[in-house]
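**Student:** Pasting a structure here, questions to come.
The values are calculated or read from the model by the stated rules, or taken from the named source; none is laboratory data. Everything numeric here is computed off the predicted structure, so don't read it as measured data. Cβ sites come from the backbone with ideal geometry, for glycine too, and all protein chains shown count toward neighbours. Ligands, DNA and RNA are excluded from the accessible area calculation, which covers all protein heavy atoms including side chains. Shrake-Rupley method; radii C 1.70, N 1.55, O 1.52, S 1.80 Å.
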Amino acid sequence: MDSFVKTAREGKPFSDVFIFDCHGHFGICSGFHIPQTSDSGFVAALDRVGIDLVAVSTFGNITPAGNDVVGQAVTAHPDRFVGYARVNANYPEIMEGELTRCFDELGFKGIKIHPYCDQISLDDPRYRPVWEFSAARNAPVLIHTWNSVRYVDPLLKFCHPLLIRGPAEEYPDAVIILGHSGGEYDGILEAIEVAKAFPNVYLDTASSRLYPGVIKMMVEELGAERVLYGSDVPFLSAVTQLGKIIYADIAESDKEMVLGGNAARLFGMHEGLRK
Amino acid sequence: MGKLAVPLPGYIESAEELAGIMRQAGIDQALVFHAESKEYHPAVGNRRLQDELRGFPNLHACWCVLPGQTKEMPPARELVEIMRQSGVRAARVYPNTHNWSLSEWSCGDLLSALEEQAVPLFIDFEEASCDALHSLCRNHPRLPVVLAGAPFRLSRMVYALLAGTSNLYIDTSQFQLHCGIEDLTLEFGAERLLFGTFTPHFSPGPSVMAVKYARISDEEKGMIAGGNLRRLLDSAFSPGVQRS
């Protein structure tokens with residue numbers, strides 16, 4: 001039994017490893033009820049399991065108001081939250097200005113786009129300012145990606161992982177994180193395929209699908225340095241999502257990279273900020 | 001457990017493999033149903049379950065049942081008696097998949113027979129509307145009903161169902177909401193939650209961690225982790241159960 005599983009079996013916080021969750025949100029959600037979303041409730045939940053940092057974006061799709069809410073949380077807890085600037089490609093005229101404001105005034109370090117909610121394809125030219133900004137600032141872009149051949153949702157055509165091939169090739173200096181890694185099993189296979197082809201593409205592990213063996217498959221196919229722990233907290237429990245990494249059949253050194261080392265590198269944060 | 005028509009990589013089929021991954025995750029016992037009872041026919045899957053669980057005392061059978069009008073299964077009270085004789089103390093239904101109605105005119109006899117013996121009834125969230133579940137719980141107040149696989153997005157429905165019923169329980173396997181276990185425990189009591197994993201479709205370890213790290217008392221964790229389900233199973237067919 002490795003030391004991570006041992007700690008989990010004991011129910012103790014993971015106090016010896018730096019944990020950086022690359023996929024979180026802040027604010028309130030319209031679609032369903034989420035308890036304890038205040039910053040104090042959020043931080044208490046992170047402390048219980050030993051999560052050091054969470055990169056968060058707004059729940060909303062209309063900016064800049066949502067970015068301001070995230071900015072308040074980042075300002076209040078700079079050692080616990082890192083901000084993603086959410087921009088909506090339906091408003092391309094304010095995209096560059098909002099990215100600049102979020103990074104230079106609010107101190108954000110990443111960008112979040114949601115082609116499914118925007119209903120604009122991931123490879124649409126209206127997202128170009130995002131790739132340009134990412135390449136210029138070395139800023140990670142977290143993209144909501146999802147795909148499945150097993151159920152029909154017309155909006156999936158906007159966000160399946162293979163669509164990133166064009167932007168990833170055109171902007172090799174952009175730092176691209178495939179949120180949910182395509183989500184369903186079919187999407188995960190697509191995400192691995194595209195990440196294999198483009199070294200600037202990384203995988204986020206956040207998904208309610210707790211498929212057995214998927215983390216191991218990602219690490220074996222791409223190397224642990226390309227896989228980032230993400231949870232989608234507070235949509236999902238950060239603890240349950242953490243369990244996917246903790247119980248994965250991979251080396252402890254790989255778990256350390258996936259849990260926080262990789263995200264710290266991508267976001268330019270110093271590993272061990274808190275521990 | 002059991003063979004699926006369309007398995008994903010990593011899916012395991014046998015009782016032996018199931019017992020193995022449960023051990024790794026620190027799970028002592030499990031309530032199990034057979035894939036063929038959903039995907040092929042309940043009667044066939046139930047028989048196969050009984051055969052394949054022989055020799056695995058920590059795996060407990062849960063039968064899939066149907067209303068009796070078509071005579072694919074015995075009449076309701078006879079079916080429940082066969083369950084008792086077979087040591088089966090829990091049932092599942094798939095009204096959508098198997099094309100029957102969860103309304104009283106369709107399965108009232110079956111529900112009443114299960115209720116008379118307090119046999120817990122598991123229903124996947126995809127198999128019944130929340131309105132149907134609410135009516136079922138109200139019409140059969142002594143029938144323990146377990147809503148299985150309710151996802152986090154169903155939180156508003158789950159809260160309303162728990163508030164509006166006293167005999168509904170929630171399986172935690174896919175209710176992965178941030179602080180969901182804590183908040184449901186606070187609002188409705190730990191006795192309404194049953195630990196679940198959706199193994200072998202999903203890895204069990206993360207679901208174990210969800211309970212282990214919940215910010216609730218050890219006593220409440222014990223109830224959710226196994227105490228509540230043990231109590232429900234022990235109550236089924238117990239001499240103290242009052243017939244309606």
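**Student:** Across the range B:162-174, what is the number of residues that are surrounded by fewer than 22 Cβ atoms within 10 Å (Cβ to Cβ) and either more than 10 Å from B:R192 (Cα to Cα) or within 14 Å of chain A (Cβ to nearest Cβ) (or both)?
**Tutor:** 4
**Student:** Name the residue, out of B:E126, B:E104, that is among the acidic types (D, E), open to solvent by 50 Å² or more (accessible area, probe 1.4 Å) and within 14 Å of chain A (Cβ to nearest Cβ).
**Tutor:** Exactly one of B:E126, B:E104 is among the acidic types (D, E), open to solvent by 50 Å² or more (accessible area, probe 1.4 Å) and within 14 Å of chain A (Cβ to nearest Cβ), namely B:E126.
**Student:** What is the residue count in the range B:178-197 for residues that are within 18 Å of the chain's Cα centre (by Cα) and not aliphatic (A, V, I, L, M)?
**Tutor:** 5
**Student:** Look through A:P115, A:P154 and report the one residue that is more than 27 Å from A:V233 (Cβ to Cβ) and not hydrophobic (A, V, I, L, M, F, W, C).
**Tutor:** After applying the criteria, what remains is A:P154.
**Student:** Can you tell me which residue within the range A:11-31, out of those that are more than 10 Å from every other protein chain (Cβ to nearest Cβ) and small (G, A, S), is most open to solvent (accessible area, probe 1.4 Å)?
**Tutor:** Per the stated criteria, the residue is A:S30.
**Student:** Continuing with this model, one more query. Could you list all residues from the range A:204-238 that are away from chain B (no Cβ under 12 Å), in a loop (DSSP other than H, G, I, E, B) and open to solvent by 10 Å² or more (accessible area, probe 1.4 Å)?
**Tutor:** A:G223
**Student:** When the range B:205-225 is examined, which residues are found to be part of a loop (DSSP other than H, G, I, E, B) and open to solvent by 10 Å² or more (accessible area, probe 1.4 Å)? Before the answer, list the steps.
**Tutor:** Going residue by residue through the range B:205-225, those that are part of a loop (DSSP other than H, G, I, E, B) are B:213-217.
Listed by number, the residues that qualify are B:R215, B:I216, B:S217.
**Student:** Could you please let me know if B:L186 is surrounded by fewer than 21 Cβ atoms within 10 Å (Cβ to Cβ), part of a helix (DSSP H, G or I) and within 9 Å of chain A (Cβ to nearest Cβ)?
**Tutor:** It is true that B:L186 is surrounded by fewer than 21 Cβ atoms within 10 Å (Cβ to Cβ), part of a helix (DSSP H, G or I) and within 9 Å of chain A (Cβ to nearest Cβ).
**Student:** What number of residues within the range B:1-35 satisfy the criterion of being within 14 Å of chain A (Cβ to nearest Cβ), within 21 Å of B:P120 (Cα to Cα) and outside any loop (DSSP other than H, G, I, E, B)?
**Tutor:** Counting residues in the range B:1-35 that are within 14 Å of chain A (Cβ to nearest Cβ), within 21 Å of B:P120 (Cα to Cα) and outside any loop (DSSP other than H, G, I, E, B) gives 0.
**Student:** Let me ask another. Just checking, how many residues over the range B:189-202 are within 8 Å of chain A (Cβ to nearest Cβ) and open to solvent by less than 30 Å² (accessible area, probe 1.4 Å)?
**Tutor:** Result for the range B:189-202: 2.
**Student:** Among the numbered criteria (1) within 14 Å of chain A (Cβ to nearest Cβ); (2) of a type outside the set (S, T, N, Q); (3) part of a helix (DSSP H, G or I), which one does B:A43 miss?
**Tutor:** (1)
**Student:** Can you tell me how many residues within the range A:32-61 are facing another protein chain (nearest Cβ under 10 Å), within 23 Å of A:L259 (Cβ to Cβ) and among the aliphatic types (A, V, I, L, M)?
**Tutor:** Result for the range A:32-61: 3.
**Student:** Additional query: Identify all residues within the range A:154-197 that are in a loop (DSSP other than H, G, I, E, B) and open to solvent by 40 Å² or more (accessible area, probe 1.4 Å); write none if there are none. Working first, answer last.
**Tutor:** First pass over the range A:154-197, keeping only residues in a loop (DSSP other than H, G, I, E, B): A:159-160, A:171-174, A:184.
Those that are in a loop (DSSP other than H, G, I, E, B) and open to solvent by 40 Å² or more (accessible area, probe 1.4 Å): A:H160, A:P172, A:D173.
**Student:** In the range A:90-111, what residues are open to solvent by less than 10 Å² (accessible area, probe 1.4 Å) and touching a residue at least 40 places away in the same chain (Cβ under 8 Å)?
**Tutor:** Correct list: A:F108, A:G110.
**Student:** Continuing with this model, one more query. Could you pull out the residue among B:R92, B:R138 that is basic (K, R), surrounded by fewer than 19 Cβ atoms within 10 Å (Cβ to Cβ) and over 19 Å from A:T240 (Cα atoms)?
**Tutor:** It is B:R138.
**Student:** Would you check if there is a residue in the range B:159-180 being at pLDDT 95 or above, aromatic (F, W, Y) and part of a helix (DSSP H, G or I)?
**Tutor:** Within the range B:159-180, one or more residues are at pLDDT 95 or above, aromatic (F, W, Y) and part of a helix (DSSP H, G or I).
**Student:** Report the residue count in the range A:17-33 for those that are out of contact with any helix residue (DSSP H, G or I) (no Cβ under 7 Å at 6 or more places or on another chain) and either farther than 20 Å from A:Y229 by Cβ or of a type in the set (A, V, I, L, M, F, W, C) (or both).
**Tutor:** Total satisfying the criteria: 3.
**Student:** Mind checking which residues of the range A:239-263 are farther than 14 Å from A:V214 by Cα, open to solvent by less than 10 Å² (accessible area, probe 1.4 Å) and either facing another protein chain (nearest Cβ under 10 Å) or not in a helix (DSSP H, G or I) (or both)?
**Tutor:** Scanning the range A:239-263 gives a single hit, A:T240.
**Student:** Considering B:K38, B:K71, which residue is more than 14 Å from chain A (Cβ to nearest Cβ) and free of Cβ contacts under 8 Å to residues at least 40 places away in the same chain?
**Tutor:** Result: B:K71 is the single residue among B:K38, B:K71 that is more than 14 Å from chain A (Cβ to nearest Cβ) and free of Cβ contacts under 8 Å to residues at least 40 places away in the same chain.
**Student:** From the set of residues in the range B:129-155 that are among the polar types (S, T, N, Q) and assigned to a helix (DSSP H, G or I), which is farthest from B:S235 (Cα to Cα)?
**Tutor:** In this case the residue turns out to be B:S155.
**Student:** Additional query: For the range A:40-86, give me each residue that is aliphatic (A, V, I, L, M) and under 30 Å from A:Q119 (Cβ atoms).
**Tutor:** A:V54, A:A55, A:V56, A:I62, A:A65, A:V69, A:V70, A:A73, A:V74, A:V82, A:A85
Every residue, every condition in (1) more than 14 Å from every other protein chain (Cβ to nearest Cβ); (2) among the hydrophobic types (A, V, I, L, M, F, W, C), yes or no:
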| site | (1), (2) |
| --- | --- |
| B:Y94 | yes, no |
| B:H98 | yes, no |
| B:L121 | yes, yes |
| B:G149 | no, no |
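**Student:** For the range A:228-265, which residues satisfy the criterion of being hydroxyl-bearing (S, T, Y) and either on the phi > 0 side of the Ramachandran plot or touching a strand residue (DSSP E or B) at 6+ places or on another chain (Cβ under 7 Å) (or both)?
**Tutor:** Of everything in the range A:228-265, those that are hydroxyl-bearing (S, T, Y) and either on the phi > 0 side of the Ramachandran plot or touching a strand residue (DSSP E or B) at 6+ places or on another chain (Cβ under 7 Å) (or both) turn out to be A:Y229, A:S231.
**Student:** Take the residues in the range A:136-149 that are in contact with a helix residue (DSSP H, G or I) (Cβ under 7 Å, 6 or more places away or on another chain) and outside any strand (DSSP E or B); name whichever of them is surrounded by the fewest Cβ atoms within 10 Å (Cβ to Cβ).
**Tutor:** A:V149
**Student:** Name the one entry in A:P115, A:P172 that is closer than 18 Å to A:L203 by Cβ and over 19 Å from the mean Cα position of the chain (by Cα).
**Tutor:** Answer to the check: A:P172.
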